[in-house]
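Each value in this text was obtained by applying a stated rule to the coordinates, not by laboratory testing. Treat the numbers as computed from the prediction; the structure is a model and nothing was measured. Heads up, the Cβs are rebuilt from the backbone with ideal geometry, glycines too, and the neighbour counts pull from every protein chain shown.
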2 protein chains.
Amino acid sequence: MEQYEPNDLLIFARVAEAGSFSRAAERLGLPKSTVSRRISVLEDRLGERLMLRTTRRLALTEFGNQLLEHARQVAAEVDAVKALSEYRRAQPSGRLRVSMPSDFATLLLTDMLAAFVALHPAVSLELDLSPRRVDLIGENFDLVVRMGDLPDDAMLAARRIAVFPSGLYAAPGYLAEHGNPVAPDDLHQHDALLLLGRNSEAVGWTLLCGEQRWEGLPPARASANSPELLISLARAGAGIAAVPDYFAAPNVRRGELVRVLPDWRTPSHTAWLVFPGRRLMPAKTRAFINMVETAFTNVDG
Amino acid sequence: MEQYEPNDLLIFARVAEAGSFSRAAERLGLPKSTVSRRISVLEDRLGERLMLRTTRRLALTEFGNQLLEHARQVAAEVDAVKALSEYRRAQPSGRLRVSMPSDFATLLLTDMLAAFVALHPAVSLELDLSPRRVDLIGENFDLVVRMGDLPDDAMLAARRIAVFPSGLYAAPGYLAEHGNPVAPDDLHQHDALLLLGRNSEAVGWTLLCGEQRWEGLPPARASANSPELLISLARAGAGIAAVPDYFAAPNVRRGELVRVLPDWRTPSHTAWLVFPGRRLMPAKTRAFINMVETAFTNVDG
DNA sequence: TCATATTGTTCCATTTGCAGAACAATGTTA
DNA sequence: TAACATTGTTCTGCAAATGGAACAATATGA
């Protein structure tokens, strides 16, 4: 430790306050022998006596009085920290920064988010719905929802919150220009919008239809690392994308996307809730995770 | 220790300030392993993480930021204590409360006291010259000059500063009324002013004249526990007192006292410098003691 | 005045916490 | 891209701090 241990300053403050080693020891939950020794050590380090102790009375030295001013402040800060910690333990509080795809928020979590805000008035929720892939630690996010791949970062933990059935989608304009595939092999003549995997490598397509299985890597017109971006690209007519049905649905309804090879489906996409470590989680984070999970177990078991 | 160790708050503050465990460890003079462990312990005690640490970057949690406010304050107090202590070590300073017989101050120490005040401008000297026997600890005295007996108190330490030859003295008026003794045995017909010893028991007289020795306990007209009081009583004509020649001298010069049995002397009186403990002495006290001792070695080596 | 209760200090077996090195993770540079 | 440098964490023998009991000192009360 440095030279003057604040621990001993705390003990000194408590002793001065209690006016007795024994009472201070009792309040501190320490044996009086330790209190006595710590004060002695402190005095040795400071090079001067702090209190003159008869077995009956305790008198502060002039220097002791000077020091007490500082020691009191240390004790006050310790009390403040204790209060702060207990408050935090009791109820979720503070800023909670969450990033998720905007589709995810609007389509799936609006009710849950509203309920969360209502239930935890001490939490101020900050939602980031930008499509970019945020830096969880660097930008101080508590939680991030990721689709598709989960980052293999030792500092991060993740929890699977939902699995979405997926299929191929494209814009009507694109299909009008390039033709509408009728069998998987037709895809080789099409522009594919591919999802980038963990190592920024394009992942090929796997198509399933009952027991049938087709695999291939069509020419990539563009690639991105999140399904949401693929949907945007497909809507703009850039090609065919394999994305979750649930997220394509609103676009289909608006006529901006149509299903390609409707008999075939692509492997399901997984949504992950990513957060930094799992060693000690703030109450606010724990509360949010729980609420997200119950929201999904209620929806699709 | 209590629950939240201020030591760990200090370490936390240093880490946050340095922005790195290694640098903080270096500044604290601790191995980085200790810094790492202490932060972990603190987080466990608080039940929440304070900082998210990549090997390259360090990001404070929202809670960490809240806590930092308090931790900084602790660190500031520690710095203040360090500065205070170093200032104290360097030069004597603060109040120095000293009690001594007024005769002692005026007859023997005026020059020395003036020199002390001049040499140590940061010390404010408070002299108590009251004849009463002060309570060293209870009244917050740093030093007390005592004549005759030294208190046998385990909490106190004492140093012998001077030995004063003594004899019998009385007021001319008293001798005119009761007669002037010519031999020691005549004293049994006189009123004696006796010095009270350690246990408030009157101490008998011992007279010396060359090789001759006389002992006796004349009837006590009054008794006191300090030679100064005996002088006052003798001057008032209350009887004969055995007191230091040096302190009787001014009264003799003024004709208020005369030597009784001038061939005989009484055992020397000793002056003691009493102070609380000797374990850790304030610089101001040490400086005063040194100056008193040199003053006396220069006078009567 | 003597017994009692309470205080601060000292002692020593036990345990805690430390220091240093090895390790794992992650940027950096050639 | 591969060797390197630097960071935070983990491990382990060992030293230092702890805490309960015995002790010494001192008010208090009968």
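Summary of computed values
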item	result
Candidates B:276, B:267, B:31: whichever shows maximal mean-square fluctuation once chain B is modelled as a Gaussian network with Cα springs under 10 Å	B:31
Average beta-carbon neighbours from other chains, 10 Å sphere, peptide B:45-54	6
Built amide H within the under 5 Å cut-off of residue B:196, gap 5+	B:224, B:225, B:226
Shortest-first nm distances, residue A:91 label point to equivalent points in other copies (7 Å, Cα→Cβ)	5.6
Peptide B:28-39, shielding by other chains (average Cβ, 10 Å cutoff)	1
Share of pairwise Cα separations in region B:176-301, more than 21 Å, in percent	50
Along each principal axis, Cα extent of region B:6-89, largest first, Å	42, 24, 19
Distance cut-off 18 Å, percentage of C-alpha pairs in region A:71-131 lying past it	52
With at most 15 neighbouring Cβ atoms within 10 Å, loop trypsin sites (Lys or Arg not before Pro) (DSSP) excluded, longest segment of chain B	B:58-131
Residues of type lysines that residue A:82 reaches as a straight line, Cα spacing below 21 Å, ignoring anything fewer than 8 places off in the same chain	A:284
Pseudo-label separations to other copies for residue A:32 - Cα-to-Cβ vector, 7 Å, nm	4.6
Other protein chain Cβ atoms within 10 Å, averaged over every residue that makes up A:57-65	4
Candidates B:238, B:118, B:158, ranked by Gaussian network fluctuation over chain B, Cα under 10 Å, top entry	B:118
Label 7 Å beyond Cα on the Cβ vector: residue B:294 copy-to-copy distances, nm	8.1
Rounded to 5, percent antiparallel among DSSP beta bridges of region A:152-301	80
Cα→Cβ-extended label distance, 7 Å offset, between residue B:57 and residue A:26, nm	5.3
Simple spin-label estimate for residue A:263 and residue A:180 in nanometres, 7 Å along Cα-Cβ	1.5
Region B:1-154: antiparallel DSSP beta bridges as a percent of all, rounded to 5	25
Vicinal HN-Hα couplings computed from phi for region A:174-191 (Karplus, 6.51 cos²θ - 1.76 cosθ + 1.60; Hz; Gly/Pro x)	5, 5, 4, 7, 9, x, 9, x, 10, 9, x, 4, 4, 5, 4, 8, 10, 7
Max mean-square fluctuation residue, GNM over chain A, Cα-Cα springs under 10 Å, options A:178, A:190, A:269	A:178
Total charge dipole magnitude, the protein assembly as shown, about the Cα centre, Cβ charges on Lys, Arg, Asp, Glu only, Debye to nearest 20	240
Burial ordering of B:33, A:93, fewest other beta-carbon atoms within 10 Å first	B:33, A:93
Amide N of region A:271-293 lying under 15 Å from the label point, which is placed 7 angstrom from the Cα of residue B:69 along Cα→Cβ	none
At 1.002 mPa s and 20 °C, Stokes diffusion of the protein assembly as shown via Kirkwood alpha-carbon radius, µm² per second	67
FRET efficiency, residue B:297 to residue A:44 (Cβ-Cβ, R0 41 Å, nearest 0.05)	0.85
Simple label model, 7 Å out from Cα along Cβ direction - residue B:37 to residue B:119, nm	4.9
Dipole axis of chain A (+1 Lys, Arg; -1 Asp, Glu on Cβ), positive-most option in A:136, A:13, A:243	A:13
Electrostatic dipole magnitude of region B:6-89 [Cβ: Lys, Arg +1; Asp, Glu -1; Cα centre; debye, to 20]	380
Centroid-to-centroid separation of region A:7-66 and region A:173-232 [C-alpha atoms, Å]	75
About the Cα centre, charge dipole magnitude for region A:219-266 (Lys/Arg +1, Asp/Glu -1 at Cβ), debye	100
